[in-house]
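Encoded as structure tokens, the structure appears first; notes follow it.
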Amino acid sequence: MTALTISTVIPVYEGERHLAESIQSVLDQTRPPLEVIVIDDGSTDGSLNVATGFGDPVRPVRILHAGISAARNAGLAEVRGDVVAFLDSDDLWAPTALGALAGALESGPADIAFGHVRQFVSPGEDLTDAERRWYHRGIEPGYIVGAAAIRREAVVAVGGFREDLRTGEFIDWIARARDLGLRETLIAEHVLDRRIHQGNHGRLHKEARTDYARALKSALDRRRAS
């Protein structure tokens, strides 16, 4: 069995505070990726300098600010590996994440492998008691982009992320993948630590939550049309 090569894509916008820790979690993988592509989405802070400071195999690419979907798509245009794995610039992979996810793709017919996720509150964050109880739920199945590894040919078949969505872009993408009949598997391993802090995209852009409804409506419309 030929081992699959893995490309990691990290989109970042104004993420200087946590980016180095996220990149280091990729470099510390027991199964290292072929490349770590950091897409700087027009940041005005030191995000690009943080990424540049690592050297190979970290490859920074700067684009004009266009949003998370455009950054992910810019990363897809750069990848060379057989498998693509996305990590948000404030999250962390468990050390065995890439090995476990890629191994699941190598050992079975799946096009997409998901793992389990643990949410953690970033030290020093001022959250309400209710928020803290919500985010301390233990390790759960993670059907989110940071807990997935995707065959590159599957990405080509589905296409990129919708750039008219400010949030919910992966909900839309995975719905399109399922409409095409792409195969998924969920592994038992804990692969992702998702950081909760005041700068989370969903917390900063609450007004964009209607995009979730738009993504779901698009999926329903496609199914009705078929």
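What are the ³J(HN,Hα) couplings of the stretch 84-101, residue after residue, when phi is run through the Karplus curve with 6.51, -1.76, 1.60 and θ = phi - 60°? Round to Hz, x for glycine and proline.
Listing the rounded values in order: 10, 9, 9, 10, 5, 6, 10, 9, 9, 8, 5, x, 9, 4, 5, x, 5, 5 Hz.
At a 1.4 Å probe, what is the % contribution of carbon and sulfur to the accessible area of the stretch 8-53?
Here carbon and sulfur together make up 50 percent of the probe-accessible area.
Contact order normalised by length for the stretch 1-111, with contacts defined as Cα pairs under 8 Å and 6 or more residues apart; what percent is it?
Rounded, it is 40 percent for the stretch 1-111.
Which order do the peptides 81-93, 31-43, 98-110 take when ranked by the mean count of other beta-carbon atoms within 10 Å per residue, highest first?
Per-residue mean Cβ counts within 10 Å order the peptides as 81-93, 31-43, 98-110.
Please give the Cα centre distance for the stretch 141-173 versus the stretch 93-112, rounded to the nearest Å.
Here the answer is 16 Å between Cα centres.
Return the long-range amide H neighbours of Val9 (sequence gap of 5 or more, or a different chain), with a cut-off of under 5 Å between placed amide H atoms.
Ile37, Ala85, Phe86, Leu87
Can you list the HN-Hα couplings for the stretch 45-50, worked out from phi with the Karplus curve (6.51, -1.76, 1.60; θ = phi - 60°), rounded to whole Hz and with x for Gly and Pro?
9, x, 4, 4, 5, 4
Quick check for you: with a 1.4 Å probe and neighbouring chains kept, what is the accessible area per residue of the stretch 3-107, in Å²?
Per-residue value: 37 Å².
So who's got an amide H within less than 5 Å of the one on Leu182, skipping anything under 5 residues away but keeping other chains? H placed 1.01 Å off N, in plane.
none
Highest mean first, how do 180-189, 62-71 rank when packing is the count of other Cβ atoms within 10 Å averaged over residues?
Going from most to least packed, we get 62-71, 180-189.
The values are calculated or read from the model by the stated rules, or taken from the named source; none is laboratory data. All values reported here derive from a predicted model rather than from experimental measurement. Cβ coordinates were reconstructed from backbone atoms using ideal geometry, including for glycine residues, and neighbour counts include every protein chain displayed. We work out accessible area using only protein heavy atoms, side chains counted, and drop any ligands, DNA or RNA first. Shrake-Rupley method; radii C 1.70, N 1.55, O 1.52, S 1.80 Å.
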